[in-house]
1. Pick out the one residue from VAL84, VAL114, VAL134, VAL118 that is out of contact with any Ser or Thr (no Cβ under 8 Å at 6 or more places or on another chain) and of a type in the set (A, V, I, L, M, F, W, C).
2. Sort out which residues of the range 126-153 are within 17 Å of SER78 (Cβ to Cβ) and surrounded by 14 or more Cβ atoms within 10 Å (Cβ to Cβ), and write them in order of number.
3. Can you confirm whether the range 66-83 contains a residue that is of a type outside the set (A, V, I, L, M, F, W, C), under 22 Å from the mean Cα position of the chain (by Cα) and modelled with pLDDT under 95?
Amino acid sequence: MKKVKHNRSGRDSSSGLIEDESGQMLLATGIVLLMSLLSMSTYGTSLSNLGQPYDSTSDEVVQTSKEVNFIFEDVVNSRASELVSAGVGQEEAVWLSVNWTADDLLHHGEIRGVEIKVLSPFVEGENGLWNVTVNMGIADRHARLEYTLTAQITL
């Protein structure tokens, strides 16, 4: 191995090149910063859901809305009847049934990966015949559906 002699200026006496290693540290720092920015932008894009492709074959929202339509009236009616049997007033029983059903649907949706919201409930009626109207909001990462759902509760 050949030893190279350097003069005071840091130049190799044979080639005239400067051996300065401070540029390597600057380059390494720049690469680290660039990689940090790249990872932050990738994370930000995935948070805004721009990195996820749209899946047109996903029908989870439609399937969930069919199931909610099928069970909503029966569940609210059954719960309200049980509450009235327990001595709760009819209007309060219907309101409690709607709110409890909304909570259960929200929890059921979380388990399935679908958000189910019962929005703007409206209850009207008297003498054992009650009409319930709610806005249903069902969404997953691919689709969102909002519609009005009505139920007739007989106590």
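The values are calculated or read from the model by the stated rules, or taken from the named source; none is laboratory data. Given the structure is predicted, the values throughout are model-derived calculations rather than measurements. Heads up, the Cβs are rebuilt from the backbone with ideal geometry, glycines too, and the neighbour counts pull from every protein chain shown.
1. VAL84
2. Answer for the range 126-153, where residues must be within 17 Å of SER78 (Cβ to Cβ) and surrounded by 14 or more Cβ atoms within 10 Å (Cβ to Cβ): TRP130, VAL132, VAL134, LEU149, ALA151, ILE153.
3. Yes, there is a match, as at least one residue in the range 66-83 is of a type outside the set (A, V, I, L, M, F, W, C), under 22 Å from the mean Cα position of the chain (by Cα) and modelled with pLDDT under 95.
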